[in-house]
Each structure stands twice: as structure tokens, then as C-alpha cells.
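Chemist: There's a structure below that I have some questions on.
Read the figures in this text as sums done on the coordinates, not as results from a lab. A quick note: this is a predicted structure, and the numbers were derived from the prediction, not measured. Because the Cβ atoms are built from the backbone with ideal geometry, glycine has one as well, and the counts that use them run over all protein chains shown.
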Amino acid sequence: MRGTVKRDVERVVVGILAEQAAMSPEDVTLGATLEDLGIDSLGVVETIFSIEEAFDIEVPFNANQPEASEFDIHTVGSIVRSVESLIATRA
């Protein structure tokens, strides 16, 4: 994946998470967890929908069993990598 596209994915994902957490994007780090950002289970679902819409992808995520999901939501960085992977698979 080209560097510019990768930075764009990161920027958009961080923006979505920042909005969900009512934070400035500058305050969202790649190592932060959703818990660190104060995003609860409903917020996770809303975040997934926003990511799907922003990137025109289908995220394989089961809100009832997030730990069994193929989509890694452990940190902001893992979400970015998961989105990049889904975009690459689609291409």
C-alpha cells in the first residue's frame, strides 16, 4: 500500500475514533485502546458502521463476540491495519 494511501486511512480512522470519543484527532494515538478513548460497546458498533461507510468496505465484526472477530479492535493502530487489509483485499 502506498504511503499516501496508508496515511489517509490512518487519518480517517483516527478522525472517526476521535469523533466517537469527543476528542481532538491529535489526542488519539495509535497505541490507545478503545477503552483508553472512552468508547463503549455501542460506540464500537457506531465506529464500525462509520468505517464501513467511509471506506465502502464490509467489516467482519460480531458485536456479541468481539474477541472472536477477524477485525482487530485492540488498539487504534490495529484498527488502522485491519482497515488497510480489508481495502487491499477489496482491490
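Chemist: When the residues of segment 72-89 are narrowed to those that are among the aliphatic types (A, V, I, L, M) and surrounded by fewer than 17 Cβ atoms within 10 Å (Cβ to Cβ), which ends up farthest from residue 45 (Cα to Cα)?
Modeler: Per the stated criteria, the residue is 88.
Chemist: For residue 64, work out the one condition from (1) touching a Gly at 6+ places or on another chain (Cβ under 7 Å); (2) exposed (fewer than 13 other Cβ atoms within 10 Å of the Cβ) it doesn't fulfil.
Modeler: Here residue 64 clears every test but (1).
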